[in-house]
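Remarks on the structure that follows.
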Amino acid sequence: MHDERPTDQSEPTRQTSEQPDTASRRDETAPELGGSPPPESAGASGPGHTDASASGDPAAEDIAEVRRQRDDHYQRLLRTTAEFDNYRKRTDRDRRERAEYVAIDVLTDVLPVVDDLERALAADTQDADVYRQGVELILKQLLELLERRGVTRIEALGADFDPNLHQAVTQEPSDTHRDGEIIEELRPGYTLRDRLLRASMVKVAQA
């Protein structure tokens with residue numbers, strides 16, 4: 001005769017019902033044991049880093065754009081300054097070269113006159129008229145050279161005084177001349193086309 005005891009099935013059921021409570025307690029204590037949030041929650045450059053493109057902050061984007069424009073304008077200023085400096089140097093060089101070419105051209109025409117003057121000084125003659133004629137020929141040659149270059153002598157004697165062309169050295173009372181009339185030319189003046197090279201030094205009548 002066997003001793004049969006009733007089977008108690010409430011204990012397994014109680015163990016099963018306790019498992020969810022234990023799991024939930026483990027889930028609640030997990031953050032406390034972990035200490036800090038996972039690295040993915042922090043930014044790529046650290047918690048203090050702000051990226052205008054990533055954050056989408058309009059103010060930060062405006063500041064970045066202003067800085068880009070500032071750098072661009074500064075680079076343009078540097079390039080423009082360098083280009084202007086090169087242009088100024090090139091212009092100065094061209095002006096000096098043109099002045100040298102003009103001087104060479106004029107001096108080439110003047111050298112024959114210098115040669116004639118040296119020959120006149122070296123001539124062995126006692127005749128003053130012959131010597132004078134030689135000097136007059138050289139002067140004529142020089143005046144023709146100046147005329148080819150656009151240099152014209154100012155006609156002053158008998159003209160009315162013009163402060164743009166004449167320099168009055170002295171005045172002389174006169175009953176036979178107009179007031180302000182030039183009665184004597186002390187030094188001739190010249191113009192280069194329409195530009196004054198040297199004013200005439202004159203004596204002016206005072207009626």
Size descriptor, Kirkwood hydrodynamic radius, that averages inverse alpha-carbon separations across region 56-149, Å: 19.4
Prolate/oblate/rounded label for region 85-207 (Cα gyration tensor, a/c 1.5): oblate
His177-Gln69 pseudo-label distance in nm [points 7 Å out on the Cα-to-Cβ vector]: 7.3
Region 154-202 - percent relative contact order, Cα under 8 Å, separation 6 or more: 46
Under 18 Å from the Thr170 label point (7 Å along Cα→beta-carbon), backbone N, region 184-207: 184-188, 200-207
Nearest-0.05 FRET efficiency for Gln126 and Glu155, computed from C-beta distance (R0 25 Å): 0.10
Label point distance in nm, Leu117-Arg195, each placed 7 Å from Cα along Cα→Cβ: 2.4
Loop-located trypsin sites (Lys or Arg not before Pro) in region 108-207, at most 10 other Cβ atoms within 10 Å (DSSP): Arg193
Shape call, region 145-206: gyration tensor on alpha carbons, a/c limit 1.5: prolate
Distance in nm between pseudo-label sites at Lys89 and Asp162 (7 Å out along the Cβ direction from Cα): 4.6
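Bear in mind these aren't lab numbers, they're just calculated from the coordinates by the rules spelled out. Here the structure is a predicted model, which means the values were calculated and not measured. Here the Cβ is made from the backbone with ideal geometry for all residues, glycine too, and neighbour counts use every protein chain on show.
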